[in-house]
Amino acid sequence: MDENPKHFVLVHGTCHGAWCWYKLVALLQRAGHRVTALDLGASGINSKQLDQVASIWDYVQPLMEFMASIPHDEKVILVGHSYGGVPISLAMERFPQNILVAVFVTAYLPHYTSSPGYLIQEYLKRTSAESLLDTQFTFDNNRKSRNYFSSVWSNVYGSQTLPELQIRGSGIS
């Protein structure tokens, strides 16, 4: 048990949900830490449908609502994987008083001078079309206040959830 338990907030990447963290959640909890794994917009068991996620703000809303709900003096460790780096970056900007540290696990790390959509545009320039299979990205830069984008994926994990997981003894499956 850790003598100084921390609160970890785990943010998944594209085409995933909170379910992808289940092994890490178990390990951290067993070590005595608090863990919150969130489903972002239209991901995992989040009730939003993909066509209801028209902007990055619709996508990250669950994280922003969670961060707004924690006490002003509580500090969390944000962990973002892959595209989860963008939501945790936005949370770091909006709630700096609540962030102890942020961990970017092979994650996008936006530069403060670029919009989140810029990272996707750069990624697409450097990635072969074959590797994207049936992924489609749509950008909408016509909004005045922020650059918005939406992503559409078919036949992916976003709407699927894992069955209830049972972890027996000290082994994790």
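Within segment 93-106, being within 21 Å of Leu119 (Cα to Cα) and at pLDDT 95 or above holds for Arg94, Ala102, Val103, Phe104, Val105. Among the residues of segment 2-35, which ones are without any contact (Cβ under 8 Å) to a residue 40 or more places away in the chain and of a type in the set (Val, Ile, Thr)? Passing the criteria: Val25, Val35.
Here Gln49 fits the description: polar (S, T, N, Q) and surrounded by fewer than 16 Cβ atoms within 10 Å (Cβ to Cβ).
A single member of Tyr83, Tyr112 is in contact (Cβ under 8 Å) with a residue 24 or more places away in the chain and either closer than 12 Å to Val11 by Cα or more than 15 Å from the chain's Cα centre (by Cα) (or both), and it is Tyr83.
Filter segment 51-72 for residues that are within 23 Å of Asn4 (Cβ to Cβ) and either modelled with pLDDT under 95 or of a type in the set (Lys, Arg) (or both) and give the result. Residue satisfying the conditions is His72 alone. In segment 1-59, the residue that is farthest from Lys75 (Cα to Cα) out of those that are among the hydrophobic types (A, V, I, L, M, F, W, C) and in a loop (DSSP other than H, G, I, E, B) is Ala54. Residues in segment 1-40 that are among the hydrophobic types (A, V, I, L, M, F, W, C) and surrounded by fewer than 19 Cβ atoms within 10 Å (Cβ to Cβ): Met1, Cys15, Leu24, Ala26, Leu27, Ala31.
The values are calculated or read from the model by the stated rules, or taken from the named source; none is laboratory data. Keep in mind that what you see is a predicted model, and the values were worked out from it rather than measured. Note: ideal-geometry Cβ built from the backbone for every residue, glycine included; neighbour counts use all protein chains shown.
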